[in-house]
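A short worksheet on the structure shown next.
The values are calculated or read from the model by the stated rules, or taken from the named source; none is laboratory data. Just so we're clear, the structure is a prediction, and the values are computed from it rather than from any experiment. Reconstructed Cβ throughout: ideal geometry from the backbone, glycine too, with neighbour counts over all protein chains shown. Please note that ligands, DNA and RNA were not included when accessible areas were found on the heavy atoms of the full protein model with its side chains. Shrake-Rupley method; radii C 1.70, N 1.55, O 1.52, S 1.80 Å.
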Amino acid sequence: MLKLLIITPGFALNEEDDICIPALQIYLKELTKTIRRIEVNVISFNYPYESKIYLWNGIEVVALGLKQNNKLLRFFYKLLAYPRILNLAKDFRPDLIHSFWLNQSAIIGNRLSKRLRIPHLCTAMGQDIAFSNTLDILKLRNTAYIAVSDFQRRFSKVPIDAVVHWGIPPSNQELTPCTRDIDILGVGWINKVKNYEAFIRIVARLIHIKPKTKVVITGDGSGKEKLEKLIRSLNLEDQITFTGLIKREEVLTYMRRSKVLLHTSSFESFGLVIAEALSEGMFTLSYNVGIAGKSPASHVAHNEDEMLDKAQKLLSSPLPNASLPYPVSSTVTEYVKIYEKMLNRSILT
């Protein structure tokens, strides 16, 4: 029996919530399906924004409900959260701790591993790998660090022990076949990092050349109002549609209707959206971030002019075959190897 404790800032509110950290949800579903004798417990610090205990696909989740926007709680994070987490961990009696993000999750995971004398690994999930320069993080000597791509690894301020790509399950495309009536699709939170202003500039130029270009943006965020104002100033309201925040399965359906994923994000640690688009038979066009350019249908550009040129060519090209370069089964296999090495025993039997 493997008893695994997951520590994360957020987790799915319920089994219908497929938006909160989908990569982690996909991984845990596949992990519990692959390993016959496993018990997983999740401790989530911030989201859901309430203190409660619930079951998610057979996994017990303890949500502490410590709101991120409360500066006092953030400042006293360890002081407030650690005693309860230690008691929970003693009750769980885990064999191994797996934390996510190089932040308080890693710090508390490290403290628990020392107290309980069990191994601890931490997966860096994003830009935390570049900006985690606090003394607390750098002192975590007995933690194994995992990056999610070679691109992300280049920014690391801690020694990376392994690179494990996130994976996704096979597409359900055959269940919901769609007509490719959308030319350009944008997917992701509308914020500074996702760089949607560049997306709109490129699309505006593309529409000038190809007036019937149809564009859809799925997602929401703090930058949406500013983006809508830019769209109105360019008179593009009739050709750019916002769906708002929708479930992951709905996003995948939009991918099945689309030809090119235009992804102008300035940073991606992995880029799950790129893997998903490839699995739904799309071209992807992005800057050189995460896993971009690692598959034949994934294209990289270095500036907006190059993106415009490549977008035109891709829209005139035959669509690629759907592919699954990053299956979740491989993610589980790689993590199981790491778990077994840290525990010095097999966990598959």
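Quick notes
- Per residue, the stretch 131-277 exposes an accessible area of 49 Å² to a 1.4 Å probe, with every protein chain left in place.
- Dipole-positive endmost among N235, W56, I107 within the chain (Cβ charges, Cα centre): I107
- Accessible solvent surface per residue of the stretch 1-62, calculated while the other protein chains remain in place, 1.4 angstrom probe, Å²: 40 Å²
- Three-way shape call for the stretch 153-237 based on the alpha-carbon gyration tensor, with the a/c threshold at 1.5: oblate
- Taking other residues whose beta carbon is less than 12 angstrom from the beta carbon of G244, and scoring Lys, Arg as +1 and Asp, Glu as -1, yields -1.
- Here the gap between Q312 and L343, fully extended at 0.36 nm per residue and compared with their Cα-Cα distance, gives a gain of 6.0 nm.
- Here is the size of the chain from its Cα atoms: Rg then Dmax, 21.1, 64 Å.
- Between D161 and E237, residue separation times 0.36 nm minus the direct Cα-Cα distance comes to 22.6 nm.
- Pair D220, L86: separation of 7 Å Cα→Cβ label points (nm): 4.0 nm
- Simple spin-label estimate for T34 and E304 in nanometres, 7 Å along Cα-Cβ: 4.2 nm
- Gaussian network model of the chain, Cα within-10 Å springs - most flexible of D17, D183, D91: D91
- Within the accessible area of the stretch 211-349 (1.4 Å probe), percent carbon and sulfur: 50 percent
- Annotation note: chymotrypsin sites (Phe, Trp or Tyr not before Pro) in the stretch 179-241 located in DSSP loop regions with a Cβ neighbour count of at most 16 within 10 Å are W189.
- Size of electric dipole in the chain: Cβ of Lys, Arg +1 and of Asp, Glu -1, about Cα centre, debye, nearest 20: 1140 debye
- Per-residue ellipticity at 222 nm, computed for the chain from helices alone with -39500 (n - 2.57) per DSSP H run of at least four residues, works out to -10500 deg cm²/dmol.
- Cα lying deepest toward the dipole's positive end in the stretch 146-222, options P159, S149, I202, charges on Cβ: I202
- Extension gain from R205 to K247, taking 0.36 nm per residue of separation minus the Cα-Cα distance: 12.1 nm
- Subset of K224/K313; K229/K310; K90/K157; K29/K114; K33/K294; K3/K337 violating a 20 Å alpha-carbon distance limit: K224/K313; K229/K310; K90/K157; K29/K114; K33/K294
- For the pair S51 and K229, a Förster radius of 30 Å applied to the C-beta separation gives a FRET efficiency near 0.20, rounded to the nearest 0.05.
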